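**Q** Pasting a structure here, questions to come.
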Amino acid sequence: MEAVIIIDILRRAGAEVTLASVEEQLEVEASGGTRLVADTFISSCFYETFDLVALPGGMPGSARLRDCKILQDITSKHAEKKRLYGAISAAPAVALLPWGLLKKKQTTCHPAFMDKLPTFWAVKSNVQVSGELTTSRGPGTCFDFAVSLVEQLFGNSVAMDISDLMLLNADANALKEEEFNDISWALDHTPQVLIPVANGSEEIEVVTIVDILRRAKANVIIASVEKSLQILSSTGTKIVADKMISAAAESTYDLIILPGGVSNERLHKSRFLKKLLKEQDSAGRFFGAICSSLAILQGHGLLKDRQAIAHPSVMSNVNHVATGARVIIDGQLITSKGGATATDFALAIVSKLFGVARARSVAEGLVLKYPR
Ligand SMILES: *[C@@H]1O[C@H](CO)[C@@H](O)[C@H](O)[C@H]1NC(C)=O
């Protein structure tokens, strides 16, 4: 989540972002099991000059970063020249600290690693800017971390535009969640979840939903409707799906969630997905859409007279959009606005499938406030 949120938000702000692997291959497996394909190897970055070096957290990812001598040299030279650098979650304590790059800087990090920081300089803020260094606490604070980096690189007005675009502030006062026709989603087995993706899918939505559902111990399959397992998501992150949709369609799922993005047409065209969704509806199993993808459900006639919500850009094309809540549940259907609401959406799904206690404990790991 952290890598993808940082990349996506910086690219939307207009930054040229290079995603570099410290492994021997470009494809890396992130902590939530999502496979991402880097743009290049860290060795090819050695002679380049960057305006920002940012380290995502996660374990053992942060330790892998720490052990990469080339990355350490790049980051140290970069910091010496008083250029911006940042780290989130485990990375401040696990990588920057042993590299000696936290000296005399107030620093925050994931609560599980706070005791590793020098006591006098440790602070509990969600985002801490100390000169060139910015640190933050976890996936739940990563939007604020990324927006702070945008503000430092591009100024306040670009940062505010990005916050609006990602629906970060607009709904601060909106209802978090509304539920109609309340039915139980509790299952007597591990929930099987399908996330279909296509080129143009929103990477933040895909990765946030997959990661949070996996943290809750659901079995999640990402399936590509493209000709390859690898898809190119909306701001350019390459994600490797677990299966092709044709193979995925041989199983049934307790829940199917459609991510948003400019992938709508491509997802809509998939015959396998259409069949799966229609069966989902008729068998009374659960399904959902975030952002623009509600239009796919409407296109297949699956919205019926259920209450739903979508991204403001597609709301006018969709019937039955009821209220301003960030997440709406109507019987077997769950929908959400998109962007930054992906976290609320995924936690609402966890709460329906596993109960509110599980959702609260997942939120805690993300360093996210979860209402009582
Ligand atoms: C979709 O993205 C993949 C991976 O980047 C690429 O190889 C493929 O050509 C793209 N497909 C289309 C139809 O654009």
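**Q** Cβ contacts < 7 Å: first residue of a type in the set (Phe, Trp, Tyr), restricted to segment 29-54; second residue in a strand (DSSP E or B), any location; separation 6+ or different chain. Result?
**A** Close Cβ pairs satisfying both conditions: 41/20; 41/21.
**Q** Look at residue 161 and say whether it is away from the ligand (no atom under 16 Å from the Cβ), within 28 Å of residue 313 (Cα to Cα) and not polar (S, T, N, Q). Before you say what the answer is, go through the steps one by one.
**A** Working: away from the ligand (no atom under 16 Å from the Cβ): yes; within 28 Å of residue 313 (Cα to Cα): yes; not polar (S, T, N, Q): yes.
Yes.
Residues checked against (1) acidic (Asp, Glu); (2) within 16 Å of the chain's Cα centre (by Cα); (3) modelled with pLDDT of 95 or more:
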{"position": "324", "(1), (2), (3)": "no, no, no"}
{"position": "331", "(1), (2), (3)": "no, no, yes"}
{"position": "340", "(1), (2), (3)": "no, yes, no"}
{"position": "350", "(1), (2), (3)": "no, yes, yes"}
{"position": "362", "(1), (2), (3)": "no, yes, yes"}
{"position": "371", "(1), (2), (3)": "no, no, no"}
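**Q** Check whether at least one residue in segment 302-309 is at pLDDT 95 or above and either in contact with a strand residue (DSSP E or B) (Cβ under 6 Å, 6 or more places away or on another chain) or assigned by TED's automatic domain parsing to the domain that holds residue 189 (or both), and report yes or no.
**A** So in segment 302-309, the residues at pLDDT 95 or above come out as 302.
Filter again for either in contact with a strand residue (DSSP E or B) (Cβ under 6 Å, 6 or more places away or on another chain) or assigned by TED's automatic domain parsing to the domain that holds residue 189 (or both), leaving 302.
Checking segment 302-309: at least one residue is at pLDDT 95 or above and either in contact with a strand residue (DSSP E or B) (Cβ under 6 Å, 6 or more places away or on another chain) or assigned by TED's automatic domain parsing to the domain that holds residue 189 (or both).
**Q** Quick check, is residue 169 on the phi > 0 side of the Ramachandran plot, surrounded by fewer than 16 Cβ atoms within 10 Å (Cβ to Cβ), out of contact with any His (no Cβ under 6 Å at 6 or more places or on another chain) and not aromatic (Phe, Trp, Tyr)?
**A** no
**Q** While we're on this one: Considering only segment 118-131, I want to know if a residue exists there that is closer than 11 Å to residue 87 by Cα, out of contact with any helix residue (DSSP H, G or I) (no Cβ under 6 Å at 6 or more places or on another chain) and part of a helix (DSSP H, G or I).
**A** Checked segment 118-131: no residue is closer than 11 Å to residue 87 by Cα, out of contact with any helix residue (DSSP H, G or I) (no Cβ under 6 Å at 6 or more places or on another chain) and part of a helix (DSSP H, G or I).
**Q** Of all residues in segment 265-288, how many are under 13 Å from residue 301 (Cα atoms) and within 16 Å of the ligand (Cβ to nearest atom)?
**A** Looking only at that region, the number is 1.
**Q** Another one. Are any of the residues in segment 173-180 part of a strand (DSSP E or B) and of a type in the set (Phe, Trp, Tyr)?
**A** The initial filter retains those residues of segment 173-180 that are part of a strand (DSSP E or B), namely 177-180.
Next, from what is left, pick out any that are of a type in the set (Phe, Trp, Tyr): 180.
Yes, segment 173-180 contains at least one residue that is part of a strand (DSSP E or B) and of a type in the set (Phe, Trp, Tyr).
**Q** Being modelled with pLDDT of 95 or more and surrounded by fewer than 23 Cβ atoms within 10 Å (Cβ to Cβ) is the filter here; which residues of segment 105-120 pass it? Please lay out each step first, then the result.
**A** Going through segment 105-120, the residues modelled with pLDDT of 95 or more turn out to be 105-117.
Residues satisfying the conditions are 105, 106, 111, 112, 113, 114, 115, 116, 117.
**Q** Are any residues in segment 226-262 hydrophobic (A, V, I, L, M, F, W, C), in contact (Cβ under 8 Å) with a residue 40 or more places away in the chain and near the ligand (Cβ under 10 Å from one of its atoms), and if so, which ones? Even if it seems obvious, please write down each step before you answer.
**A** Quick first cut of segment 226-262, residues hydrophobic (A, V, I, L, M, F, W, C) only: 229, 231-232, 239-241, 244-245, 247-249, 255-258, 262.
Next, only the ones that are in contact (Cβ under 8 Å) with a residue 40 or more places away in the chain stay: 239-241, 245, 248, 255-258, 262.
Result: 239, 240.
**Q** Okay, next question. Return the residue satisfying two criteria in turn: it lies in segment 187-216 and is under 18 Å from residue 29 (Cβ atoms) and not hydrophobic (A, V, I, L, M, F, W, C), and of such residues it is farthest from the ligand (Cβ to nearest atom).
**A** Only one residue fits best here, namely 215.
The values are calculated or read from the model by the stated rules, or taken from the named source; none is laboratory data. Because the structure is a prediction, the values reported are computed rather than measured. Glycine also receives a Cβ, built like all others from the backbone with ideal geometry; neighbour counts cover every protein chain displayed.
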